[in-house]
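Peer 1: This structure is in structure tokens; I'll ask about it shortly.
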Amino acid sequence: MTAADVLLLALGAVTVGSGALVVATRHLVRAGLYLVVCLGAVAGMYLVLTAELVAWVQVLIYVGAVVVLLLFAVMLTRAPIGASDDLDRPGWPAALIGGGTGLGLAALLVDAYRWSAVELPAAGTADRIGDQIFRSWVLPFEVLSVLLLAALVGAIILSRPDIGRSPADRAGRPGFRAGEGGRSR
């Protein structure tokens, strides 16, 4: 077992552990921070596998943008930051489904490769990767940008209680409650 194997196992343990904490914690902000650790460990695994470009894209896109967007959405929508009692549901169905899925994927992996060595293709350069992205994968990138824009607009609309109210509600008519997303009773 080489040092790279030990490092991959350690980073894999950190990834699985922090991923389990993401779904197990009752604090939404802590779940976001555990997600940062999980995605950072995945980037570390990419570095060990000498995929530096993919590792830095992982850090910039997922850790930098998606997690920051998640935390801003939590702050903009005024979601509860502390422990939420309404999230207290029995965990055995999720554990059963997750364990079954994990065992099924492990069996599929063992059946597919049967512990044989896999020949790796030639290492890609940034020039070849950029050529592939901007020739073959332009449409998925554009769809993703529209999706992220729609999520940002949705977060802004949810954070502003005055959007969607009638002029009478804006004037302070009795019976209006700001926590109802701009709708009157």
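The values are calculated or read from the model by the stated rules, or taken from the named source; none is laboratory data. These numbers were taken from a predicted model, which means no experiment stands behind them. Cβ atoms come from the backbone with ideal geometry, glycine included; neighbour counts cover every protein chain shown. All accessible areas refer to the heavy atoms of the entire protein, side chains included, with ligands and DNA or RNA removed. Shrake-Rupley method; radii C 1.70, N 1.55, O 1.52, S 1.80 Å.
Peer 1: Tell me the carbon and sulfur percent of the accessible area for region 1-143, rounded to whole percent, probe radius 1.4 Å. Can you show the working numbers first?
Peer 2: Details: 7720 of 10720 Å².
Of all accessible area on region 1-143, carbon and sulfur atoms account for 72 percent.
Peer 1: Okay, moving on. Between V29 and T101, what length in nm is gained on full extension when 0.36 nm per residue of separation is reduced by their alpha carbon distance? List each step's numbers first, then the result.
Peer 2: On the way: separation 72, 0.36 × 72 = 25.92 nm, distance 2.71 nm.
Extending this stretch completely gives an extra 23.2 nm.
Peer 1: So with the 1.4 Å probe, I'd like the accessible area per residue for region 1-154, rounded to whole Å². Working shown, then result.
Peer 2: Details: 11550 Å² over 154 residues.
Result: 75 Å² of accessible area for each residue.
Peer 1: Once fully extended, how much extra length lies between V66 and A13, figured as 0.36 nm per residue of separation less the alpha-carbon to alpha-carbon distance?
Peer 2: Values: separation 53, 0.36 × 53 = 19.08 nm, distance 2.26 nm.
In short, 16.8 nm is gained.
Peer 1: Also: Using label points projected 7 Å from each Cα along Cα→Cβ, tell me how many nm separate W137 and D5, to one decimal.
Peer 2: That separation, rounded to one decimal, is 3.0 nm.
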